[in-house]
Amino acid sequence: MSVVKRLMEEEESRGYSRTDKAICASCFDDYAIRDFIAKNATGPVCSFCGQRDIRENIAADGNAVLAFVLRGLWSEYSDVDTEGVPYDSEDDEYIIPVYSNYDLFHEELADITDDEDVRDWLINTIHNHQWCEKDPGVLSPAQGLVAGWRDFCDAVRYKTRFLFFDSRPKRGPDEPTDIGEEPFYVYPAELLEELADAVKQLSLTTPLAAGTLIYRARPHETAIRFASATELGPPHPDQATAGRMNAAGIVVFYGALDDETALSEKPGNEAAISIGTFQLTREAQVLDLTNLPTVPCIFDRQRRQLRVPIAFIRKFHNDIIEPVQPDRQEHIEYVPTQVVTEFIKLRFTDQQGKKLDGIMYPSSQRCEGRNLVLFATQENIEGIQTERYVEPPKLLRMTESKTIARRTPL
Ligand SMILES: [Zn+2]
């Protein structure tokens, strides 16, 4: 083989043309690329911004950076020919979105750098492909989960309230699979387990210390005043109406971690509002949806495999905090979160095999406000008389109550 041919083949398999540039971390905005450069800096000068440091190396070999960027690209993108994407000759285009290098670095991955010289360098040195998403013929794992969640919500709202889902179609080892079957689609019957796996994988449970204060507000007319734990705690099952996290008749304890949030969660025209301050009598373990991780970028080799569960949990989170207009539809809109809450309460266990005491979620009424639903009824609150022969375990006690007049309604 001639030297020229061998060099051409080498370059072909490398996926980019060799470069004599060195580049510093500041020339990128993507955290994983910046991190890679910082860890692999071998020179004192950046060929792009001209930054120079006489004490330490700040720039990595451009070839290493190109190889790193390409590895990230190949984790989610592929080539239309490799994927066998059909071409629609009538419309003169591929049947799915296809990207050139220019499209990729100007649109799909535009935020990895705002330096146009760096962008042009990536576009011109990485071999141009007709890029498309990997496995374009089927839903991606992330899309499969999101489609599964959508169908799960639809199923519990309109098809089966009490979880008589169809199971995943079974077929023997020799039976051919249906054309178009989605390997990553999550059937409604499997959705809750997928959710549990994502929660465990992302370690989303957190302890709330004994003594943590939780506030519960109850609006009313000025003529009356509520001050006891029975009046300001959760209702008796006979009076429990449906809420975001509970079906009618099934009692949970709704509260907030500060009184302003508790107040803002109870908009209305009543003239006054009473607030009970409750305290955890022991440590409580809760699912924490208030501090979700951001979706890692495709260049983040350590955390790339978390892109799917994080994207799914964030979608779930956005759906559950979305405000629902109180009208006759609310009982249907709340069903998916009611089902998930019951699953977390009755079936979910954390990495240590322990059950959870509740779910913490952001307030949709108050920025930074945190709401809490605890799996506690009147029986779990100190000082409320119960008719049980054996005293139920306690989780909360009321320490204080106050009643305040509301602003005059407009
Ligand atoms: Zn630079």
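None of the figures in this text is laboratory data; all of them are computed from the coordinates on show. Fair warning: this is a prediction, and the values are worked out from it, not measured in the lab. Heads up, the Cβs are rebuilt from the backbone with ideal geometry, glycines too, and the neighbour counts pull from every protein chain shown.
Between the range 198-218 and the range 298-318, the alpha-carbon centres lie 22 Å apart.
In sequence order, the range 253-259 has phi-based couplings of 9, 8, x, 9, 7, 8, 6 Hz under the Karplus curve 6.51 cos²θ - 1.76 cosθ + 1.60, θ = phi - 60°, and Gly or Pro positions carry x. In sequence order, the range 214-230 has phi-based couplings of 10, 10, 10, 10, 9, x, 6, 7, 5, 4, 10, 9, 10, 9, 9, 5, 5 Hz under the Karplus curve 6.51 cos²θ - 1.76 cosθ + 1.60, θ = phi - 60°, and Gly or Pro positions carry x. Taking 28 Å as the straight-line reach from the Cα of Lys159, the lysines in range (excluding those fewer than 8 positions away in the same chain) are Lys170, Lys315, Lys345. Overall, the range 1-116 carries a charge dipole of about 1220 debye about its Cα centre when +1 sits on the Cβ of Lys and Arg and -1 on the Cβ of Asp and Glu, all other atoms neutral. Sparsely packed loop sites in the range 315-376 (the trypsin sites (Lys or Arg not before Pro) outside DSSP H, G, I, E and B with at most 16 other Cβ atoms within 10 Å) comprise Arg328, Arg347, Lys354.
For Glu400, nonlocal amide neighbours, meaning residues 5 or more places apart or on other chains whose placed amide H falls under 5 Å from its own, are Thr277. Cα-based Rg of the range 27-80 per 2.2 N^0.38 Å, rounded to two decimals? This ratio for the range 27-80 stands at 1.27. Between the beta carbons of Thr82 and Arg52, assuming R0 = 56 Å, the FRET efficiency works out to 0.85 to the nearest 0.05.
Rank Gln338, Leu104, Tyr254 by how far each Cα sits towards the positive end of the charge dipole of the chain (+1 on Lys, Arg Cβ; -1 on Asp, Glu Cβ) and give me just the farthest. So the residue furthest toward the plus end is Tyr254.
Largest first, the extents of the alpha carbon coordinates of the chain on the three principal axes equal 94, 65, 48 Å.
Annotation: cysteines of the chain without a disulfide-compatible partner (Cβ-Cβ under 4.7 angstrom) are Cys27, Cys49, Cys132, Cys153, Cys297, Cys367. For Ala22, nonlocal amide neighbours, meaning residues 5 or more places apart or on other chains whose placed amide H falls under 5 Å from its own, are Ser47, Gly62. The gain in end-to-end length when the Thr294 to Ala248 segment is fully stretched comes to 13.1 nm, 0.36 nm per residue minus the alpha carbon separation. For a straight C-alpha distance cut-off of 30 angstrom, the lysines reachable from Lys39 (same-chain residues fewer than eight places away being disregarded) are Lys21, Lys134. Cβ-Cβ distance of Asp91 and Arg301, R₀ of 35 Å, FRET efficiency by 1/(1 + (r/R0)^6): the value works out to about 0.40. In this structure the amide hydrogen of Ala376, modeled in the peptide plane, comes within under 5 Å of the amide hydrogens of Phe253, none closer than 5 places in sequence on its chain.
Sorted on the mean count of surrounding Cβ atoms within 10 Å across their residues, most packed first, peptides 65-74, 194-203 read 65-74, 194-203.
For the range 280-296, putting each phi into the Karplus relation 6.51 cos²θ - 1.76 cosθ + 1.60 with θ = phi - 60° gives couplings of 6, 7, 8, 5, 10, 9, 10, 6, 9, 9, 8, 9, 6, x, 7, 5, x Hz, in residue order, rounded to whole numbers and with x for Gly and Pro.
Taking N as the residue count of the range 14-133, its C-alpha radius of gyration divided by 2.2 N^0.38 Å amounts to 1.19. How far apart, in nanometres, would the label points at Glu182 and Gln201 be if each is projected 7 angstrom from Cα along the Cα-to-Cβ direction? The two pseudo-label positions are separated by 1.7 nm.
With both labels modelled 7 Å from their Cα along Cα-to-Cβ, the Gln239 to Glu400 distance reads 2.4 nm.
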